[in-house]
1. Can you give me the number of residues within the stretch B:1-25 that are within 13 Å of chain A (Cβ to nearest Cβ) and more than 23 Å from the chain's Cα centre (by Cα)?
2. With respect to the numbered conditions (1) within 10 Å of chain B (Cβ to nearest Cβ); (2) in contact with a helix residue (DSSP H, G or I) (Cβ under 8 Å, 6 or more places away or on another chain); (3) closer than 21 Å to A:Ser199 by Cβ; (4) touching a residue at least 12 places away in the same chain (Cβ under 8 Å), which one is the sole condition not fulfilled by A:Ser176?
3. For the stretch B:25-34, how many residues are farther than 15 Å from B:Lys101 by Cα and at pLDDT 95 or above?
4. Tell me, yes or no, whether the stretch A:112-129 has at least one residue that is under 28 Å from A:Ser199 (Cβ atoms), assigned to a helix (DSSP H, G or I) and among the acidic types (Asp, Glu).
5. Among residues belonging to the stretch B:168-191 that are part of a helix (DSSP H, G or I), of a type in the set (D, E, K, R) and touching a residue at least 24 places away in the same chain (Cβ under 8 Å), point out the one that is surrounded by the most Cβ atoms within 10 Å (Cβ to Cβ).
6. Examine the stretch A:164-172 for a residue that is assigned to a loop (DSSP other than H, G, I, E, B), in contact with a strand residue (DSSP E or B) (Cβ under 7 Å, 6 or more places away or on another chain), within 29 Å of A:Ser75 (Cβ to Cβ) and of a type in the set (Phe, Trp, Tyr), and state whether such a residue exists.
7. Does the stretch A:40-64 hold any residues that are more than 13 Å from chain B (Cβ to nearest Cβ) and over 18 Å from A:Gly122 (Cβ atoms), and which are they?
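The values are calculated or read from the model by the stated rules, or taken from the named source; none is laboratory data. Computed from a prediction, not measured in an experiment: that's the story for all the values here. So basically every Cβ, Gly included, is an ideal-geometry build from the backbone, and we count neighbours across all protein chains shown.
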Amino acid sequence: MQNKLTHLFEQHHRPILNMYCTAGYPELNSTGEVMKALQAHGADIIELGMPYSDPLADGPVIQFSNSIALQNGMSIAVLLEQLLQINPSMHIPVILMGYLNPILQFGMEKFCREASAAGVTGLIIPDLPMHEFENEYQDMFLQYGLCFIFLISPETSEARIRKIDTLGSGFIYAVSSSATTGQAIDMQQQEAYLARLKSLQLRNPILVGFGIKDHAGFSKISSYVQGAIIGSAYILALRSGGDISTITKEFVNTIREKAELPKTN
Amino acid sequence: MNFSVNEYGYYGNFGGAFIPEMLYPNVKQLQDSYIDIMEDPAFQLEFQQLLKDYVGRPTPLFFAEHLSKQWNTNIYLKREDLCHTGAHKINNTIGQVLLAKRLGKTRIIAETGAGQHGVATATVCALMGLPCVVYMGEKDMARQASNVARMKMLGATVVPVSSGSKTLKDATNEAIRDWINHAADTHYIIGSVVGPHPYPDMVARFQSVISAEIKSQLLERTGNELPTHVIACVGGGSNAAGAFYHFLNDDQVQLIAVEAAGCGIDSGKSAATTQLGTMGILHGSKSLLMQTADGQVTEPHSISAGLDYPGIGPLHAHLFESGRARFLWATDDEAMAAAMHLSKTAGIIPALESAHALHALTQLEWKPSDVVVICLSGRGDKDLDTYMKNLPS
């Protein structure tokens, strides 16, 4: 499957920065502004969270942005409408992250069709288990050209990682420690894990997420795998209020800092 | 009809294990080992011994004379309120703690609504010398203050949960997040027949002692081990699962589940999931769920903290869909009246949860030959504040 994500990973000359923001946060209609700012200031992938009342894998910061976004009136239907509007001005890949229940209520096939039409490249559904994916949805995602991005954790066995590598596409989302989003991470433990991931020589690229908040963390991870995903730290930055474009520029510049150098491996 | 789970944890259309990858190793380990551990004779010996000597089982099956006369039938109360800690919840927590020890886990977490499951977990952790953290909604901590004090006295850490509706649903979310953050050393004792497979089946098996005892006690009393009706309240549904378990395949036994209708089914303040819910996924399993058209989980209401939950165990969703069990409901006021009535006529102050089951007596027609067993799942000490507000001065 050739799409914006596969193209990005084939062409990239610097560490990949996947920036997460909850759709409809901080304002219902700020989604497009956030996306444009992230694209303009150096994000490589935009991951939009579809807010849910019960985000089990998320820590307090993203829980907060979820509840604000829901109060603002965000829903899958509203988001897909917004994405349809913004799509012509987006050239970097956009992926959607969300929990299974709201998608099931919207209708999985309708969701795939409309997301694909609105320019979405991939999906992350953390509570969709592999067994259900294979039985129910694999063909549908393929039909609509949507990459399905699986999570792995330091506790995921090699056999299971290999299976995920054959089933998933786009990239593999490696959770940096067995934790909810935004938790502090142990760098030494993490380096051993990163080295193990690198040695697996997977078919899919790997991005590491959960607990990354600064340049040091980003560049450390990028020396082992293709890049990283940052969410909670950015939401916190947005939470302080102010001009979205200015905050985003400052944030992404801080993360990138010296990580702009071409990769040597 | 089949009322057992299949290998993926489904009862008919409901169940499964919808969990993030971070929990997969823990849940998989449980799935692969729970039956073997539970069927191990050494495990059974230890479990049964504790149920007898520590919990006080078997609990009596009490013939409620006044109620029987009132309804011109035969009404028995299964006295789970006489279990140590005051409710059926401890049947499951003892089982799961023993199982956690065999899995090498050194830390226990739990969620609690009314506090009964939290107290039961804190109790067995104190007995076994394991550290215990209980997540409880702030709203529930206020209305079940005596149970909070008990948990603290038993050495547990009670963590207030202030997200969402500040009740059982949110306490469960926080417990799951804790488990994600401490997956290696921690066992999560879910208190009801909810959660990812194997929890619904595992908890039902631990609670099935209730119906096993009802069978042998009825046989002794009446010469027939089968009642005509078994009635139990359902929030998540653990006491109902235990009371129904050994009767599921006895079609002549009518199974009656009573949900909490709060201020009324259509009041917008209710917790009657089968009446108001649709198929959805919450806390790791596919079941019936109270939710908006957008799939956001709605905030339920019941006067009883233990029934204040927007979902229902997948077994019960299957019993509802298949028609094997009949689902009734009681409002806050009806449960209150049933509690007052039992207190005055039988000298038993029931938990508000159990009072919902008692209300079913007023909703059905009874024959003199009927043998009706009501699961009196807990005692009312924890609800005294609520009861006092409703006492005539």
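1. 7
2. Going through the list (1) within 10 Å of chain B (Cβ to nearest Cβ); (2) in contact with a helix residue (DSSP H, G or I) (Cβ under 8 Å, 6 or more places away or on another chain); (3) closer than 21 Å to A:Ser199 by Cβ; (4) touching a residue at least 12 places away in the same chain (Cβ under 8 Å), A:Ser176 breaks only (1).
3. 4
4. no
5. B:Lys169
6. Within the stretch A:164-172, one or more residues are assigned to a loop (DSSP other than H, G, I, E, B), in contact with a strand residue (DSSP E or B) (Cβ under 7 Å, 6 or more places away or on another chain), within 29 Å of A:Ser75 (Cβ to Cβ) and of a type in the set (Phe, Trp, Tyr).
7. A:Ala40, A:His41, A:Gly42
Here is a yes/no grid of residues against (1) closer than 24 Å to B:Leu51 by Cα; (2) among the β-branched types (Val, Ile, Thr); (3) modelled with pLDDT of 95 or more; (4) in contact with a Pro (Cβ under 8 Å, 6 or more places away or on another chain):
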{"residue": "B:Leu103", "(1), (2), (3), (4)": "yes, no, yes, no"}
{"residue": "B:Gly115", "(1), (2), (3), (4)": "yes, no, no, no"}
{"residue": "B:Val134", "(1), (2), (3), (4)": "yes, yes, yes, no"}
{"residue": "B:Ala142", "(1), (2), (3), (4)": "no, no, no, no"}
{"residue": "B:Lys152", "(1), (2), (3), (4)": "yes, no, yes, no"}
